[in-house]
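The values are calculated or read from the model by the stated rules, or taken from the named source; none is laboratory data. Here the structure is a predicted model, which is why all the values come from computation and not from measurement. Counting neighbours? That spans all protein chains shown, and the Cβs are built from the backbone with ideal geometry, glycine included. All accessible areas refer to the heavy atoms of the entire protein, side chains included, with ligands and DNA or RNA removed. Shrake-Rupley method; radii C 1.70, N 1.55, O 1.52, S 1.80 Å.
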Amino acid sequence: MLLILSALAATLALVSTVMVIYEKDVARSVVLAGVESVFYALVLAVFLAPDLLIAYVAIGLGLNTAILLYVLSRGERYEEG
Amino acid sequence: MIDTILFYLGIGLLFIGGVMDIIASIGFFKFKDFYTRLHAATVGAIGGGFYPLLGVALAVMGLDVDLWFKAVFSGVSLITAAIIALGVPAGSHILARSVYRSREVEPTVIADRLREDLEGGGSN
Amino acid sequence: MVSIETILSFTPVLAGLFTLAMIIYSLRVFTSKNLGDTVLAIDALTVDLIVLMILVALYYRTPYLLIGVIPLASWIFLLDLIVSRYLEKRRSK
């Protein structure tokens with residue numbers, strides 16, 4: 001049961017990573033990069049790795065989103081296709 | 001006796017939370033506007049997160065395990081429930097305010113008095 | 001006293017309910033059009049994943065997996081604050 005759950009979460013993380021690449025709105029792609037880290041946190045909880053989990057939550061979610069959105073507030077939001 | 005009552009009360013709260021979570025996720029597709037989707041977000045946060053965490057805290061108290069196991073599970077569940085019940089409504093409120101003021105989404109209404117006040121008053 | 005093996009018969013059904021909700025929420029996240037809808041769906045998705053993570057820890061019977069639950073719950077409020085500050089700063093420019 002838990003292997004099916006972790007397989008679903010890893011597949012959704014892969015879909016999220018592909019959507020980050022093809023997204024024209026840069027602010028949405030920064031937020032979608034956080035979703036990928038949330039799914040990886042669930043996969044690491046199933047695989048019994050609490051140390052990697054706390055590192056993912058602290059760096060991949062908090063620091064990444066805050067710094068990238070702060071930088072983006074000085075620049076252009078939509079990239080040219 | 002009281003342990004059995006606590007355990008099945010917690011399992012019942014968990015089932016209610018799962019059903020309300022599915023209802024809220026369908027509601028995200030049924031509503032057509034951003035400002036009406038805030039209702040579905042509140043159902044998903046309070047009904048799908050607050051009640052199941054209380055259910056876990058009640059169900060663990062009725063189990064036949066050591067005291068520290070009960071204390072850790074119940075304490076973490078209650079603290080997380082308090083953070084969710086205080087944080088998510090405040091967060092969705094501030095998100096709706098900033099989305100309205102930055103014209104990210106325009107509301108579909110007939111007359112918009114707040115926008116007229118903000119435009120007419122000069123600096124807001 | 002209720003034995004701890006009793007809760008193991010309820011855990012797969014509960015995890016199935018919350019996993020179905022997780023799939024529908026992530027479809028909403030991937031198909032939304034603007035930034036406000038995305039952040040609103042991510043809030044509900046993260047609350048769902050917190051409950052799922054506590055059920056996983058209850059299935060393994062170890063409390064050490066609960067270390068990431070409280071930071072994940074604080075991140076919801078932090079994301080709302082960061083995104084709304086970004087939108088307000090873009091308006092004033």
Residue check: is C:Ser74 open to solvent by 20 Å² or more (accessible area, probe 1.4 Å), of a type in the set (Gly, Ala, Ser), farther than 14 Å from B:Gly44 by Cβ and within 8 Å of chain B (Cβ to nearest Cβ)?
yes
Out of the residues in region C:21-45 that are open to solvent by 40 Å² or more (accessible area, probe 1.4 Å) and more than 13 Å from the chain's Cα centre (by Cα), which is nearest to C:Leu55 (Cα to Cα)?
C:Leu27
List every residue pair whose Cβ atoms sit under 7 Å apart, with the two residues 6 or more apart in sequence or on different chains, where the first one lies in region B:47-65 and is hydroxyl-bearing (Ser, Thr, Tyr) and the second, anywhere, is open to solvent by 10 Å² or more (accessible area, probe 1.4 Å).
B:Tyr51/B:Leu13; B:Tyr51/B:Ile16
Need the failing condition index for A:Ala49 against (1) open to solvent by less than 30 Å² (accessible area, probe 1.4 Å); (2) within 7 Å of another protein chain (Cβ to nearest Cβ), just the number.
(2)
Within region C:5-12, does at least one residue satisfy the condition of being open to solvent by 40 Å² or more (accessible area, probe 1.4 Å), facing another protein chain (nearest Cβ under 7 Å), more than 24 Å from A:Ser16 (Cβ to Cβ) and not in a helix (DSSP H, G or I)?
yes
Can you find even one residue in region B:58-69 that is under 25 Å from C:Ile76 (Cα atoms) and modelled with pLDDT of 90 or more?
yes
Residues to consider are C:Arg90, C:Arg28, C:Arg85; find the one that is more than 7 Å from chain B (Cβ to nearest Cβ), assigned to a helix (DSSP H, G or I) and charged (D, E, K, R).
C:Arg85
Would you pick out the residues in region A:7-36 that are within 26 Å of C:Pro63 (Cβ to Cβ) and open to solvent by 10 Å² or more (accessible area, probe 1.4 Å)?
A:Ala7, A:Leu8, A:Ala10
So which residues in region B:14-68 are assigned to a helix (DSSP H, G or I) and of a type in the set (D, E, K, R)?
B:Asp21, B:Lys30, B:Arg37
Residues A:Ile4, A:Ile54, A:Ile67: which one is without any contact (Cβ under 8 Å) to a residue 24 or more places away in the chain and facing chain C (nearest Cβ under 7 Å)?
A:Ile54
